[in-house]
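Trainee: Structure incoming, see below.
What follows draws every value from the coordinates through simple rules; no lab data is involved. Bear in mind that the values here come from a model prediction, so they are computed numbers and not experimental data. Positions of Cβ are generated from backbone atoms using ideal geometry, with glycine treated the same way; all protein chains shown enter the neighbour counts.
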Amino acid sequence: MENEIKDIIQLKKEIEDLNPQINLAYVSYFESNLPSIEVIDVSKNEEHYNAKLRLTSDYGLSLNAAGQYKNAIPVLEEAIYMFENSPYHDPIELKNIDFYEHLLFRYGAALRDIQEVERSGQIFKRLVEYYPQNDK
C-alpha cells in the first residue's frame, strides 16, 4: 500500500535496508514516503524530532550527491534550521556535532554549484569561523 502512513520505526528500518552507495535509491525512497515523513510529530519527543531531522538531512544530502543541487538546497536549509532550533540540542554544543558541520559544508557547496556565490561564501565563512582547524 503506497499511501499508507508509516511510523518512524518502519521508516528507519526501510532506510537501513537501502544501498547507501545508490543516492537515487535514497531520493526515490524519500520522495515516495514524503507523506509519512511530513506528518512525523516532532513535538512528540526527542526520538520523533531526531528521526525527522535525520530523514530530512539524508534526503537533502542524497539530492546533493545525485547532482540535484537546486532541489537539495531547500531541504538542506530545512535540516540546518531543525538542527539550529532543536529543543534537544544545546546551541552552544551545535558546533561539536560533526553531522551539522557536514550539512553546512554540503549546503555551501550546493550553493556554489548553482552559482550562488555570495550565499555560498557566507556559509563557508561561517564554517571557517566554527571550524578554523578544518582544512576543507
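Trainee: In whole Å, what is the distance between the alpha-carbon centres of segment 85-136 and segment 25-84?
Mentor: 17 Å
Trainee: Could you tally the net charge around D113, taking each other residue with its Cβ under 11 Å from the Cβ of D113, Lys/Arg +1 and Asp/Glu -1? Mind dumping the intermediate values first?
Mentor: Details: positive: K70, R106, R112; negative: E116.
Result for the neighbourhood of D113: +2.
Trainee: At 222 nm, what helix-only mean residue ellipticity would the chain give, in deg cm²/dmol to the nearest 500, using -39500 (n - 2.57) for each DSSP H run of four or more?
Mentor: Values: 7 runs with 90 residues, N = 136.
So the helix-based figure for the chain works out to -21000 deg cm²/dmol.
Trainee: Moving on to the next point. Starting from the Cα gyration tensor of segment 8-130, take the square roots of the eigenvalues, sort them a ≥ b ≥ c, and report rounded, prolate or oblate (rounded when a/c is under 1.5, otherwise prolate if a/b is larger than b/c, else oblate). Walk me through the numbers before you get to the answer.
Mentor: On the way: a/c = 2.09, a/b = 1.21, b/c = 1.72.
Oblate shape, in that a/c is at least 1.5 and b/c is the bigger or equal ratio.
Trainee: Karplus couplings for segment 73-85 from phi (6.51 cos²θ - 1.76 cosθ + 1.60, θ = phi - 60°), rounded to Hz, Gly and Pro as x?
Mentor: 4, x, 6, 5, 4, 4, 5, 5, 4, 4, 4, 6, 10
Trainee: For a quick check: sort D98, D135 by the number of other beta carbons within 10 angstrom, fewest at the front.
Mentor: Values: D98 8, D135 4.
Ascending number of Cβ neighbours within 10 Å: D135, D98.
Trainee: Around A79, with a cut-off of 9 angstrom between Cβ atoms, what is the net charge of the other residues, counting Lys and Arg +1 and Asp and Glu -1?
Mentor: Details: positive: R54; negative: D58, E77, E78.
Cβ neighbours under 9 Å give a net charge of -2.
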